[in-house]
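Working notes for the structure below.
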Amino acid sequence: MPTESGSCATARQAKQKRKSHSLSIRRTNSSEQERSGLQREMLEGQDSKLPSSVRNTLLELFGQIEREFENLYIENLELRREIDTLNERLAAEGQTIDGAELSKGQLKTKASHSTSQLSQKLKTTYKASTSKRSNSFPGKSGGPRNFNVGSWEIWGGDSWIVSSFKTTTSRAICQLVKEYIGHRDGIWDVSVTKTQPLVLGTASADHTALLWSIETGKCLVKYGGHAGSVNSIKFHPTEQVALTASGDQTAHIWRYMVQLPTPQPTADCNQMSGEDEVEFSDKDEPEGDGDGSSDCPTIRAPSTFLKSHQGVVIAADWLVGGKQAVTASWDRTANLYDVETSELVHSLTGHDQELTHCCTHPTQRLVVTSSRDTTFRLWDFRDPSIHSVNVFQGHTDTVTSAVFTVGDNVVSGSDDRTVKVWDLKNMRSPIATIRTDSAVNRINVCVGQRIIALPHDNRQVRLFDMSGVRLARLPRSNRQGHRRMVCCSAWSEDHPICNLFTCGFDRQAIGWNINIPALLQEK
């Protein structure tokens, strides 16, 4: 019988020693060891300049990674079977489980902590690269999510939770009316004009802002004056003028003229059954330039530049009357400008980290700014001689937006997955708190009916009243709804058909018809 040489015996002992100290992972089937042995023989037969000890270590590590993924996959399949069993039991009671909310990424809550850390690293890297390339706004953070399934108990990562929410919402109350497709990258912001004719505006990471016919979905005007991602768009309160903020460290004011096309009959996008509520694939994303924005008139230069920031301008808005504008930037400041002269009037400092949003009061000279420092600040310009500031501290993560409502209320949304309603006369604690299962992006409030629209990282859009009562979730299926993160929402109480608009990183904006009287009656 042949004997082993001394070097071979030493290598074998070192290999066994590494094996004894390696991570122990459960095998998922009996043939796995044979398969890994075959893969090892194939790799060892290939030429490599790596030392044999390094190659063996790499093979062991890659094998562990593969087995871990297989274990996760099998556990997810088991969880899916449990959900199907619950579905069958609930179906007998006339209820359904939203399969879209129980997505593949959400099912694996045991690994949510490590997944959250990895997700945050990836998104931070993406933010850094896009701030140089297209300067989009800060990435979102992940985290474990809680799942509400009828009246059943579901493990939410840290504790058991029991929910008995209303599982279905009538499709006659929330209907998709129109999709606006034409951008070549994610859409960060959406806004509706305050003067006739009513048009929709979108701001995109593709360096453009587009104006749309609400009725036909046709692109009417393209603004291409920015050299970076267009992060927000707001319309003048009385004139056909738009204000856009960009990653090129500037805000632009530009005039537009639009002629609305003749409306065409819209197809009914809502004839579907509850069983159609399934998960999207990335292949289902709308094609860029789907409805065509290349053939619409293009504005290539603004009438006014607002430039004094040293970082990405993430948002901008008009003060009441439209004679002044405010901008928010990643340089941790907000600036107040005179629109006619484009001169800087005030620089608002105090935030400790990058700003994420700014909003102005519809009837008073008040500004609220949000920041990644977990606070938002109220700036009061009603008295020309005194510019007071109040700091609101109630969130534990980035405040993604804070907006004014009727009277003395402010609503703030955060990456900590909460939305809070505040009384400006009492800043110590919120008067209502809404807890959700996903980070909240740029919220908007229907002023007349006091309904808050919450766009989420998990592709959902939910409606709540000001007291924190959930009213509805916008339908999302394999044929309609957003396929990626929903970035922004905007109400339009003056339009008879589409009174809510949303946009997301799936490169489309969507117009919805919300039957508000029926919605409030169901509550």
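The values are calculated or read from the model by the stated rules, or taken from the named source; none is laboratory data. What you are looking at is a predicted structure, and each value in this text was computed from that prediction instead of being measured. Every residue, glycine as well, gets a Cβ built from its backbone with ideal geometry; the counts of neighbours run over all protein chains shown. Just the protein is used for accessible areas: all its heavy atoms, side chains included, with ligands, DNA and RNA removed. Shrake-Rupley method; radii C 1.70, N 1.55, O 1.52, S 1.80 Å.
Values for this structure:
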item: Residue list for the range 410-446, filter: touching an Asp or Glu at 6+ places or on another chain (Cβ under 7 Å) and of a type in the set (A, V, I, L, M); result: Leu424, Ile431, Ala439
item: Identity of the residue in the range 349-393, of a type in the set (Phe, Trp, Tyr) and either within 27 Å of the chain's Cα centre (by Cα) or open to solvent by 40 Å² or more (accessible area, probe 1.4 Å) (or both), that ends up farthest from Ile443 (Cα to Cα); result: Trp379
item: Residues being touching a Ser or Thr at 6+ places or on another chain (Cβ under 6 Å) and not in a strand (DSSP E or B) - total across the range 448-475; result: 2
item: Number of positions in the range 394-432 that are assigned to a strand (DSSP E or B) and either open to solvent by less than 50 Å² (accessible area, probe 1.4 Å) or acidic (Asp, Glu) (or both); result: 19
item: Residue that is most open to solvent (accessible area, probe 1.4 Å), among those in the range 482-523 that are closer than 12 Å to Val177 by Cα, in contact with a Phe, Trp or Tyr (Cβ under 8 Å, 6 or more places away or on another chain) and in a loop (DSSP other than H, G, I, E, B); result: Asn499
item: Residue in the range 295-327 that is nearest to Asp373 (Cα to Cα), counting only those that are free of Cβ contacts under 8 Å to residues at least 60 places away in the same chain and aliphatic (A, V, I, L, M); result: Val326
item: Only listed residue being of a type in the set (S, T, N, Q), open to solvent by less than 60 Å² (accessible area, probe 1.4 Å) and modelled with pLDDT of 90 or more, chosen from Gln240, Gln249, Gln175; result: Gln240
item: Enumeration of residues in the range 433-445 that are surrounded by fewer than 23 Cβ atoms within 10 Å (Cβ to Cβ) and either in contact (Cβ under 8 Å) with a residue 60 or more places away in the chain or on the phi > 0 side of the Ramachandran plot (or both); result: Asp437
item: The range 328-341 residues that are aliphatic (A, V, I, L, M) and modelled with pLDDT of 95 or more, paired with ones that are outside any strand (DSSP E or B) and open to solvent by 10 Å² or more (accessible area, probe 1.4 Å) (beta carbon under 6 Å, 6 or more apart); result: Val339/Lys323
item: Failed item in (1) within 16 Å of Trp422 (Cβ to Cβ); (2) outside any strand (DSSP E or B); (3) touching a Lys or Arg at 6+ places or on another chain (Cβ under 6 Å), with Gln353 passing the rest; result: (1)
item: Subset of the range 193-219 that is assigned to a loop (DSSP other than H, G, I, E, B) and in contact with a Pro (Cβ under 8 Å, 6 or more places away or on another chain) - its residue that is surrounded by the fewest Cβ atoms within 10 Å (Cβ to Cβ); result: Thr195
item: The range 334-344, residues that are of a type outside the set (Asp, Glu) and open to solvent by 60 Å² or more (accessible area, probe 1.4 Å); result: Thr341, Leu344
item: Search result, residues across the range 220-237 that are free of Cβ contacts under 8 Å to residues at least 60 places away in the same chain and open to solvent by 40 Å² or more (accessible area, probe 1.4 Å); result: Ala227
